[in-house]
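Below: the structure, in structure tokens.
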Amino acid sequence: MADMTATASQPTSTRGPAEHTVRDQIVDAANECFARYGYGKTTVADLAREIGFSKAYIYRFFESKQAIGEAICSSRLDRIVAATRAAIDEGGSATDRFRRMFKSLTTHSVELFFDDRKIYDIAAHSAAEQWNSARSYRETLKAMILEIVRSGRDSGEFERKTPIDETCRAIYYAMMPFVDPLHLERNLDLLPDAQQEVASLILRSLAP
């Protein structure tokens, strides 16, 4: 701890890789604090005591507690996106890729809910307050949907009469109860049957 405090008094020592290391230390400590006490009950002062930094030093790297929460939330959501991307890429037809995408998003969102509830709460907080991490996540999901719908139309699997933006919005809305942190908790008892049935309904609506 003494070394960390000393570092805080030497601004010129936190450049390049060293600066990234300090940011990682702050995020790791915040991750533990949020997981233990919850996002709402943890203050920047709590994080400073946990790491051995001053609040002022933490504010050199993150402008607010929300910014730290954003870093954690983005990291967790990026994991879900990466796993879903891998699931999509393993698929063959557009229909198969869509099922894989929807199932992966739901499965990994549920895992986050049960395995790391405090971090899930940050994701829900992010969605409710429209943090950049939540907006970026939603835009990524929409891009995945658009990619699959386009490939299905190109291959002749999906109909082409409905404007593609309308089709993708409708699919996104239908998926939200099972992939959005704000809604998922209220629908856990419907899984996995409801997610599978909604996926089948969406695919039937896409048939040419």
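The values are calculated or read from the model by the stated rules, or taken from the named source; none is laboratory data. Here the structure is a predicted model, which is why all the values come from computation and not from measurement. A quick note on method: Cβ atoms are made from the backbone with ideal geometry, for glycine too, and the neighbour counts reach across all protein chains shown. Just the protein is used for accessible areas: all its heavy atoms, side chains included, with ligands, DNA and RNA removed. Shrake-Rupley method; radii C 1.70, N 1.55, O 1.52, S 1.80 Å.
From the phi angles alone, apply the Karplus equation (6.51, -1.76, 1.60; θ = phi - 60°) to segment 115-132 and give each ³J(HN,Hα) in whole Hz, x where the residue is Gly or Pro.
7, 8, 4, 5, 6, 4, 4, 5, 5, 5, 4, 4, 5, 5, 9, 6, 5, 4
FRET efficiency for residue 183 and residue 24, Cβ-Cβ distance as r, R0 = 22 Å, nearest 0.05?
0.10
Quick check: with the 1.4 Å probe, what order do 65, 41, 142 take by accessible area, largest first?
41, 142, 65
Quick one: ranking 110, 179 by accessible area, 1.4 Å probe, largest first, what do you get?
110, 179
By the scheme Lys and Arg +1, Asp and Glu -1, what is the net charge of all other residues having a beta-carbon under 11 Å from that of residue 122?
Surrounding charge for residue 122 is 0.
Can you work out ³J(HN,Hα) from phi for every residue in segment 156-165, in order, using Karplus 6.51 cos²θ - 1.76 cosθ + 1.60 and θ = phi - 60°, giving whole Hz and x for Gly and Pro?
x, 6, 10, 5, 10, 6, 6, x, 5, 5
In square angstrom, what is the accessible area per residue of the chain with a 1.4 angstrom probe?
I get 52 Å² per residue for the chain.
Got a number for carbon plus sulfur as a percent of the chain's accessible area, 1.4 Å probe?
52
Test of understanding: in a Gaussian network model of the chain with alpha carbons linked when under 10 Å, which of 28, 89, 180 would top the mean-square fluctuation ranking?
With Cα springs under 10 Å in the chain, the top fluctuation among 28, 89, 180 is at 89.
Among residues other than residue 167 whose Cβ falls under 12 Å from its Cβ, what is the net charge (Lys/Arg +1, Asp/Glu -1)?
Result for the local shell: +3.
What share of Cα pairs, in percent, lie more than 23 angstrom apart in the chain?
Counting every Cα pair in the chain, those more than 23 Å apart make up 53 percent.
Only Cα pairs under 8 Å and at least 6 apart count here; give the relative contact order of the chain as a rounded whole percent.
In percent, rounded to a whole number, it is 19.
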